Amino acid sequence: MKKILIIFAHPKFEKSRANLALIERLKDESHITFHDLYEQYPNFHIDVNKEQELLEQHDVIIWHHPFYWYSSPAILKQWQDMVLEFNWAYGPEGKALEGKTVMNVITTGGTRDVYCSEGYNSFTVNQFLRPFEQTAKLCGMHYLPPFAVMGTHTLSDEDLENYANQYEVLLDILKSDFKQDALTNCFFVNDLPILSN
Amino acid sequence: MTGNLLFEAIVFLAGAIICVSLAKRVGLSSVIGYLLAGILIGPYVLGFIGEEGEDILHFAEFGVVMMLFLIGLEIEPKNFWKMRKTILGMGGLQVGLTMLLTYGLFVLLGYDSIVALVIAMAVSLSSTAIAMQTIKEKGMMETTSGTSSFSILLFQDIIVIFMLGVLPLMSNSNNDTATLDHSEDLSLLESLPLGFQTLAIIISVALIVVAGRYLIVPMLRKVAKTGVRELLIAAAFLIVFAISYLMEFVGISPALGAFLGGVVLSNSEFKHELESTLEPFKNLLLGLFFMAVGASINFIVIAKNPLTIGGILIAVIVLKAIVLFVVGHMFKLKLDQKLLLTFNLSQIGEFAFVLLSFAFGLNILEQEQMDILLVITALSMSLTPILGMINERFILPKVGTKEFIKRPMDHIAKSQKVILVGFGHFGSTVGRFMRSHGVEATILDFDSNRVDFLRKMGFEVYYGDATRLDLLESAGIADAKLLICATNKIAVAKAITKIVKEKYPHVELMVRTKNRYDAYELLNLDVNNIYRETLDTSLALASDALHKLGFRKYTLNRQVQNFIKYDEASLRRLAAEPKREEDYVFKARKEIEQQEKSLEEDFKRGIVDFDNHWDSEHIRKQLEKSNET
C-alpha cells in the first residue's frame, strides 16, 4: 500500500466551508498523513529536516490548498523554498523525491468558465499550475492533473458532499497500485469517470 | 606635628588643583601641571617643602604601584602570554643597547668604569609613571606604540630586580654599610644566597597567583555580600598593600608584584569594581609623585654645573631616543608609532632614584655625581611631556599618519560594543542569544553569587553597581553602541537612563520594564526601546490557551501581533497624559484605572473579529449583498 502525504495550506481553515467538507471525510488511516502547514508553523519557521523526513516516508504527495491569486497561499511557497533543497530534491545528488507522485488539490472561488482564454482569468487552472508541474518535473516526480473544486461561493452542501466523495475515491486509488496513465489524460482528475462511482 | 602635616597636605593639594587646572586649560598634559606645582612649592621657589621631599617621593611611589596593579587588571593572562616576545625582545634590546651606549659615553667623559656601569643601568630605565600616564591619558593603550611602550616598561620592571641584586657585588666597600641604609628594602634578598633569592621570588610569585584565585576572590565575594561599599575599598587597598609588602620582603619591585596581582585578578568578576575604586586614589598618588619629582629638582646643583648638566641631559635623552627609534624600527613599527614610542620613553625613570641612592649607599657613587644624576633624572622626566607635545604638535602632523587616534579596525570592533546591565533570568537569556551570534556583551551585575555561578558557565560577567558613572566608564560606555538594561529595578533603569542620556547621548538604550506603569516612566524619560517583560509571555499563554479551545494557531498568531501593536500604541498614548503625584494609593488606583481603560479600548475595537482575510464566508456575504442591490 502506498503512503499518502497531504500537505495542507489554508491560512483560515476555520472559515473555509469547502475545505472543511473535504478534510472532514479524511479517515484516520495509517497510510494517510494530514499535515497542516499553517497550524504547524504559525510563524512560518518551517522545520526543514522534519519536512524532508516526512516526504521521504511517503510515496504520494498532495499539495492541498485554496487557489489564491492564481497560486498557493504564501506558506506553501515558503515550504517549497525551504524544503526542496539543492542536492536533496534536485541537482546532481538530489534524488530524494525521484519516482514519487505529486498533485495539487485546489479550491477556487471562480467557476470553471472564467478560467479559460475567453474568461476574465484568461488562462486555465492547468496553465496557472505550471510552476508546480515543473517543480515536480525537476525533482523527478510524476505530476498528476489537479483535483479542482471550483466556484466554491455558489456550491450547495450537496455539491460539496459530492466533491468530498470523489476526494475519498481518489485517495483510495492513490494508495493502490494504480497506473499513472489512468489518471493523466484529463484536465482535472475529478473529471474522470473512475472517481464518480 | 599634625599641624605641620595638615599644612603640607594643604600645600600639595592646593598646588595640584591650581597648577593642573591651569595646565589643562592651556591644553597641556596634567603631568606638566603636577611637575610645575612641585617646582613651585619646592625648596627653590616658594620653599613650602624642604628636605622631606624625598620621603614624600617614596610615599608617592605607591601611586606607581597602584597604577601597575590597575594595568595588570586590564591585561588578562592569555594576552600577557601573547606579549612575551615583545616584552623580552623589545625590552631586552632597549635596555641592552642603552646601557652599552651610556656606558661608552660616561667612560669617554672620564668616569670610573663601575660608576659608568651604574649610571648606564639607571639611564636605561624609563619612567613607568610618566609614560603610562601619558599613554592612558591619550587613550593609546591599544595602539602598537602603546603596547610596545608597555612591554619595554614591564621588562625594565623585571630587570631592575637583577640590577639591585648586582649592585652590592660591584661595591668595593663592605656590604654592611649598605644594608644598614636599605635593610627595609632588601632584608631577605641580602641575607640569603643567590639560589635562595631566586627561589623566594618564584615562591612569592606563585603565592600571588594562588592567593589571587583561592584567597582574594573568595574574600572579595564575602565583602561584596555585606553590601557595605567602603569595605570593598578597604579590601582593594588591602590587596595592593599586602602584595607590595610581600614583594618588598623578597626584594622584587612592588610595582611588578602589584602588576602580577592585577593580572591574576583580571579574570575575576571584580575587575571593574576594583578599577573604579582604586582609580581616583591612584591618580592622586601619581600626582603627588610627580609633584615630589618637581620638588626634588635641585636648582643649586644646576646653578653650579649648568653646562655639564645641560650637556649630559641632552646627550642622554638623544641617546635613549635613538635606541628607542632603532628598536621600534627593528620591530617594524610605523613611523608615527616609532616617534610616539621614542618621545614617550626617552626620559630616565623613577627607578633611577632608587638605583642611584642605593649605589650611593654602597659607596659606589660620590655625593656630587649622585646629585647631578638625580637632577638630570628629574629634568628628563619633566621634559617628557614637553617633548611629547612638540612631537604631537609639530612633528607628527608632518609625518601625516594619524594612527594614534584610532585605527579603523579598532573603530569597527569598538563601535559594536554592547553593555548589558543585569544578568538575571532575563539578562542571561539576552546575553546567551547575543553570544550565540558572536556578540560578547560587557555584562554588569550586582549579585556576586549569580556572577560567580554564571562565570562558571563561561560568561564574562563583572560585579558592580551600574548606576555609577565611573563603573559604566570603565566598562567602556564611551565606546558602546548599545546599553541593554535588563534589570527589573525601575530605579536602577531610570538612574542609568538619566546618566547615559546626559553624558553619553550617542549610546542607544534598550530597557526591560516590569509593567506598563514603569514603562510610562521610561517613556517620559524619552526612552524609545522599551520591553515589557510580561507582554509577550502572557500573550503566548493566552494564545496557547485559545488554541487548546480549538482556535487555529496562525489566526491566533496574527491576532497576538495585532494586540501587541495596538497595546504599544495605547501605552504611548497614555504615557503622554498628565501625571499625578507619585503616591502609593494613587499608584494602585491609577493601575486599576488603566486596566479598565485598556479593557474598554479592547472592547471598542472589537478585538478579534476584525480580521476578514482569506475568509470565503465573508466574500460570499459581500457577493450576496451586491447581488441583492
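Each reported figure results from applying straightforward, stated rules to the coordinates on display, with no laboratory input. Quick caveat: nothing in here was measured; it's all calculated off a predicted structure. Please note: Cβ atoms are built from the backbone with ideal geometry, for glycine as well, and neighbour counts cover all protein chains shown.
Along region B:116-130, what does the Karplus equation 6.51 cos²θ - 1.76 cosθ + 1.60 (θ = phi - 60°) give for ³J(HN,Hα), rounded to whole Hz, x for Gly and Pro?
These are the phi-based 3J(HN,Hα) values: 4, 5, 4, 4, 4, 4, 4, 5, 5, 8, 9, 8, 4, 4, 6 Hz.
Averaged over its residues, how many other protein chain Cβ atoms are within 10 Å of peptide A:34-43's Cβ atoms?
3
Does region B:56-399 come out rounded, prolate or oblate by the C-alpha gyration tensor, with a ≥ b ≥ c the root eigenvalues, rounded set by a/c under 1.5 and, if not, prolate when a/b is larger than b/c and oblate if not?
Working: a/c = 1.71, a/b = 1.26, b/c = 1.36.
Note, shape of region B:56-399 comes out oblate.
What distance in nm lies between label points placed 7 Å from Cα along the C-beta direction at residue B:615 and residue B:478?
Using points 7 Å along Cα→Cβ, the separation is 6.0 nm.
Using 7 Å Cα-to-Cβ label points, what is the residue B:9/residue B:529 separation (nm, one decimal)?
In this crude label model, residue B:9 to residue B:529 measures out at 4.6 nm.
How are the Cα pair distances of region A:4-195 distributed, in percent, across 5 Å bins from 0?
1, 7, 16, 21, 21, 18, 10, 4, 1, 0
Could you tell me how many cubic angstrom of Cα convex hull volume region B:102-146 has per residue?
Value for region B:102-146: 78 Å³ per residue.
Tell me, what is the FRET efficiency for residue B:597 and residue B:334 to the nearest 0.05, using R0 = 60 angstrom and their Cβ-Cβ distance as r? Please report the intermediate quantities before stating the final value.
Working: r = 65 Å, r/R0 = 1.08.
After rounding, the FRET efficiency stands at 0.40.
When a footprinting reagent is the concern and you count Cβ atoms within 10 Å, what order do B:420, B:444, A:54, B:333 take, fewest first?
A:54, B:333, B:420, B:444
Report, in degrees rounded to the nearest 10, the 0 to 90 angle that the Cα long axis of helix A:74-83 makes with the longest principal axis of chain A.
Roughly 20 degrees, rounded to the nearest 10.
Taking 0.36 nm per intervening residue step and subtracting the Cα-Cα distance, what contour gain separates residue B:562 from residue B:495 on full extension?
20.9 nm
Under 4 °C and 1.567 mPa s, how fast does the protein assembly as shown diffuse according to Stokes-Einstein, given a Kirkwood radius computed over C-alpha pairs? Answer in µm²/s, whole number.
In µm²/s, the coefficient rounds to 38.
Loop only by DSSP, 15 or fewer other Cβ within 10 Å of the Cβ. Give me the chymotrypsin sites (Phe, Trp or Tyr not before Pro) in region A:1-45 that pass, ordered by residue number.
A:44
Can you sort B:465, B:157 by how many other beta carbons sit within 10 Å, fewest first?
Details: B:465 15, B:157 24.
With the fewest neighbours first, B:465, B:157 line up as B:465, B:157.
Across peptide B:619-626, what mean number of C-beta atoms from other chains lies inside 10 Å of a residue's C-beta?
On the way: counts 4, 5, 1, 1, 3, 1, 0, 0.
Mean shielding by partner chains, rounded to a whole number: 2.
Just rank A:28, B:518, B:615, B:445, fewest to most, by other beta-carbon atoms within 10 angstrom.
Least crowded to most crowded, the residues run A:28, B:615, B:518, B:445.
Quote the relative contact order of chain A in percent (integer), defining contacts as alpha-carbon pairs under 8 Å separated by 6+ residues.
Computed value for chain A: 24 percent relative contact order.
Between residue A:69 and residue A:44, with labels modelled 7 Å along Cα→Cβ, what's the label distance in nm to one decimal, could you check?
That separation, rounded to one decimal, is 1.1 nm.
If each residue of separation counts as 0.36 nm, what is the full-extension length gain between residue A:194 and residue A:3 once their alpha-carbon separation is subtracted?
Result: 66.7 nm gained on full extension.
Using amide H atoms built in the peptide plane, which far-off residues or other-chain residues are under 5 Å from residue B:417 H to H?
Amide H neighbours of residue B:417: B:481.
Kirkwood hydrodynamic radius, computed over distinct alpha-carbon pairs, for region B:273-357: how many Å, to one decimal? Before the final figure, lay out the partial values.
Working: mean 1/r = 0.0638 Å⁻¹.
Taking every pair of different Cα atoms in region B:273-357, averaging 1/r and inverting gives 15.7 Å.
Counting only other chains, and only Cβ atoms inside 10 Å, what mean value do you get across the residues of A:5-12? Provide the component values of the computation, followed by the final result.
Details: counts 0, 0, 0, 0, 1, 4, 7, 12.
Rounded to a whole number, the mean comes out at 3.
Show that you can apply the helix-only estimate: for the protein assembly as shown, add -39,500 (n - 2.57) for every DSSP H stretch of four or more residues, divide by all residues, and state [θ] at 222 nm to the nearest 500.
Details: 37 runs with 517 residues, N = 826.
It comes out at -20000 deg cm²/dmol, rounded to the nearest 500.
Under the classification rounded if a/c is under 1.5, otherwise prolate if a/b is larger than b/c and oblate if not, where does region A:112-197 fall, given a ≥ b ≥ c as square roots of the Cα gyration tensor eigenvalues? Walk me through the numbers before you get to the answer.
Details: a/c = 2.20, a/b = 1.06, b/c = 2.09.
Cα axes put region A:112-197 in the oblate bin.
Mind running the shape call on region A:10-63? Use the C-alpha gyration tensor, a ≥ b ≥ c as the square roots of the eigenvalues: rounded below 1.5 for a/c, prolate if a/b tops b/c, oblate otherwise.
Oblate, because a/c is 1.5 or more while a/b does not exceed b/c.
Multiplying the sequence separation of residue A:24 and residue A:180 by 0.36 nm and subtracting their Cα-Cα distance, what value in nm do you get?
Details: separation 156, 0.36 × 156 = 56.16 nm, distance 2.70 nm.
Computed gain between residue A:24 and residue A:180 is 53.5 nm.
Can you list the HN-Hα couplings for region B:480-497, worked out from phi with the Karplus curve (6.51, -1.76, 1.60; θ = phi - 60°), rounded to whole Hz and with x for Gly and Pro?
Residue by residue, region B:480-497 yields 7, 9, 10, 10, 9, 9, 9, 7, 9, 8, 5, 4, 5, 4, 5, 4, 5, 4 Hz.
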